[in-house]
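The values are calculated or read from the model by the stated rules, or taken from the named source; none is laboratory data. Quick caveat: nothing in here was measured; it's all calculated off a predicted structure. Don't worry about glycine lacking a Cβ; one is built from the backbone with ideal geometry, like all the others, and counts go over all protein chains shown.
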């Protein structure tokens, strides 16, 4: 038996939704209270308006959290790791050594697609250039040979 945090009634655990993030393994409010709360949101428009308002109010915090989550998920690095790489590279692209302070895209994390190892931070042009060369050293050497023929 569990006590609902909203209606304060004792109910069996089957009356609560599972929640792996809670120590107990269940939500603190019962299914009935959760249902009542969700139905009080009434329409999709109300929820959309609420979401927009919430995002505007918390935009900086949400963007920072999303950035941290994406860096960890896609590359296995933290924001501190990214900042350290940027500092180690003096704020420059690792290939062309240009500073891209005025570029709204900034620098991108470059990684080996086979091993997942992060190689450094690249500007948009260098990052897409490597992609167009299919991440192949052989094609890159061929391009180098082609360019030096002039």
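Points to keep in mind about this one:
- Evaluated against (1) closer than 30 Å to residue 108 by Cβ; (2) modelled with pLDDT of 95 or more; (3) in contact with a strand residue (DSSP E or B) (Cβ under 7 Å, 6 or more places away or on another chain), residue 57 falls short on exactly one condition, (3).
- Residue in region 98-108 that is surrounded by fewer than 10 Cβ atoms within 10 Å (Cβ to Cβ), modelled with pLDDT of 90 or more and not in a strand (DSSP E or B) present: no
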